[in-house]
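Enquirer: Pasting a structure here, questions to come.
Here, each number is a calculation from the coordinates, and none is a lab measurement. The shown structure was predicted, so the numbers you read here are calculated from the model rather than taken from an experiment. Here the Cβ is made from the backbone with ideal geometry for all residues, glycine too, and neighbour counts use every protein chain on show.
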Amino acid sequence: MNETIKNIVTRRSVKKYQDKAVPTELVEEIVKAGTFAPSGMNKQSAIIIAVTNKEMRDRLSRINLDIVTGRGLKTSSGHSDPFYGAPVVLVVLAKKEIGTRVYDGSLVMENMMIAAHSLGLGSCWIHRAKETFETEEGKQILRELGIPDEYEGIGNCIVGYAADDALKPQVARKDDYIKWVK
Ligand SMILES: Cc1cc2nc3c(=O)[nH]c(=O)nc-3n(C[C@H](O)[C@H](O)[C@H](O)COP(=O)(O)O)c2cc1C
């Protein structure tokens, strides 16, 4: 197995983080990898909001939690912080008018999760980015950042140093995942 495939196969969603900042250079490498994701007709419909500011990170976490609890649900493991203590949140949005926006944005998310893992960092896709930017406060955040009301949230890629006991064993792949036609 080459290093790239090994990196893909060993990546895991990390749901427990150390209280340790991520160096800016590493965040820059991760977002750069995100921007090199393929996109429908190369329209590059996605954008990334790279959040390392604690106040903004906590604000996004609170909105996300409100969406979960507003549905009468709980976050995974009943955690009060849907971002599991990760210090960095890379929010992917994509242009509403582009038909491939969800695919485009999802590829950005995956590139960033793989890049984070390759750099020794943990990451996880945290959902409800779409709903976040449909709330009044979410729209206000976009206005504050000077982002026009043309974007739909796709996903939140949280990043940080995994806690020592963060990972459970990898779940086996289902038997019928691949249908060969030889
Ligand atoms: C579209 C999508 C949405 C997800 N949303 C959440 C989420 O909101 N919270 C969470 O803890 N994990 C979320 N995950 C992570 C999954 O729980 C995780 O990918 C899955 O359990 C498989 O684990 P693995 O990534 O370690 O293989 C999401 C993953 C995807 C692809």
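Enquirer: Please say if the chain is rounded, prolate or oblate, where rounded means a/c under 1.5 for a ≥ b ≥ c the square roots of the C-alpha gyration tensor eigenvalues, and otherwise the choice is prolate for a/b larger than b/c and oblate otherwise?
Expert: rounded
Enquirer: Going by amide H atoms built from the backbone, whose H comes under 5 Å of the H on TYR17, apart from near neighbours?
Expert: Hits under the 5 Å cutoff: ALA163.
Enquirer: Using θ = phi - 60° and the Karplus relation 6.51 cos²θ - 1.76 cosθ + 1.60, list the HN-Hα couplings for the stretch 167-172 in order, rounded to whole Hz, with x at every Gly or Pro.
Expert: Coupling constants for the stretch 167-172: 9, 8, x, 4, 6, 4 Hz.
Enquirer: To continue, here is another question. Return the FRET efficiency for the residue pair ARG143, GLU55: r is the Cβ-Cβ distance, R0 is 22 Å, and the value is rounded to the nearest 0.05.
Expert: That gives a FRET efficiency of 0.85.
Enquirer: Compute the FRET efficiency between ARG173 and HIS127 as 1/(1 + (r/R0)^6), taking r as their Cβ-Cβ distance and R0 = 22 Å, and round to the nearest 0.05.
Expert: Working: r = 22 Å, r/R0 = 1.00.
Here the calculated transfer efficiency is 0.50.
Enquirer: Can you list residues from other chains, or at least 5 along the same chain, whose modelled amide H is less than 5 Å from the amide H of LEU90?
Expert: Here VAL51, CYS157, ILE158, VAL159 satisfy the definition.
Enquirer: Spelling out what I want: for every residue of the stretch 9-24, take phi, set θ = phi - 60°, compute 6.51 cos²θ - 1.76 cosθ + 1.60 (Karplus), and round to whole Hz; glycine and proline get x.
Expert: In residue order, the calculated couplings are 6, 8, 4, 9, 6, 9, 10, 7, 10, 7, 7, 9, 5, 9, x, 4 Hz.
Enquirer: Mind checking the dipole of the stretch 53-182: about its Cα centre, +1 per Lys or Arg Cβ, -1 per Asp or Glu Cβ, Debye to the nearest 20?
Expert: Values: 18 positive and 19 negative charges, 85 e Å.
Roughly 400 debye, rounded to the nearest 20.
Enquirer: Here's another thing I want to ask about it. Output ³J(HN,Hα) for the stretch 91-106: one whole-Hz value per residue in order, computed from phi by the Karplus curve 6.51 cos²θ - 1.76 cosθ + 1.60 with θ = phi - 60°, and x for Gly and Pro.
Expert: Per-residue couplings from phi come out as 8, 9, 10, 9, 4, 4, 6, 8, x, 9, 4, 5, 5, 4, x, 5 Hz.
Enquirer: Something else now. Counting pairs on different chains as well as pairs 8 or more places apart, how many Lys pairs in the stretch 90-182 have Cα atoms under 28 Å apart? Intermediate results must be reported in sequence, preceding the final value.
Expert: Values: LYS95/LYS130; LYS95/LYS139; LYS96/LYS130; LYS96/LYS139; LYS130/LYS139; LYS174/LYS182.
Qualifying lysine pairs in the stretch 90-182: 6.
Enquirer: Follow-up question, since we're still on this one. Separation between the GLU134 and ARG62 pseudo-spin-labels, each 7 Å from Cα along Cα→Cβ, expressed in nm?
Expert: Reported label-point gap for GLU134 and ARG62 is 2.2 nm.
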